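Notes follow once the structure below has been shown.
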Amino acid sequence: MSVQTELESRNSDKILLMNNDASKTVISRSPDVMSGTPVFDGTRVPVQTLLDYLAGEHPLKDFLNDFPTVQHEQAVALLRELEKTLSTAQI
């Protein structure tokens, strides 16, 4: 199952993580939600919050318990995409 990233730009930005079965919006950004901070789609939870939890050595389970509006699949898809991006980055 390959994952592709697509960025849509109109009134707001959405990052879609797509597989063979369906596409799922993971991150959205709109000036009307959290002043344009990237959030997990359908929530007001900033993506940065997940990164802060993990940097603070908190497990994903704690983040999901504290922010139940974020779906497990959204968090995992984001982390997989970050891993893919970092593994191919030219540093």
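The values are calculated or read from the model by the stated rules, or taken from the named source; none is laboratory data. Note that the structure is a prediction, hence the values are computed from the model and not measured. So basically every Cβ, Gly included, is an ideal-geometry build from the backbone, and we count neighbours across all protein chains shown.
One table, with the values for the structure above:
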| quantity | calculated |
| --- | --- |
| Total residues in segment 42-72, condition in contact with a strand residue (DSSP E or B) (Cβ under 7 Å, 6 or more places away or on another chain), of a type outside the set (Val, Ile, Thr) and assigned to a helix (DSSP H, G or I) | 0 |
| Check on Ser35, modelled with pLDDT of 90 or more and part of a strand (DSSP E or B) | no |
| Tally, over segment 1-16, of residues that are modelled with pLDDT of 55 or more and either of a type in the set (Val, Ile, Thr) or not in a loop (DSSP other than H, G, I, E, B) (or both) | 4 |
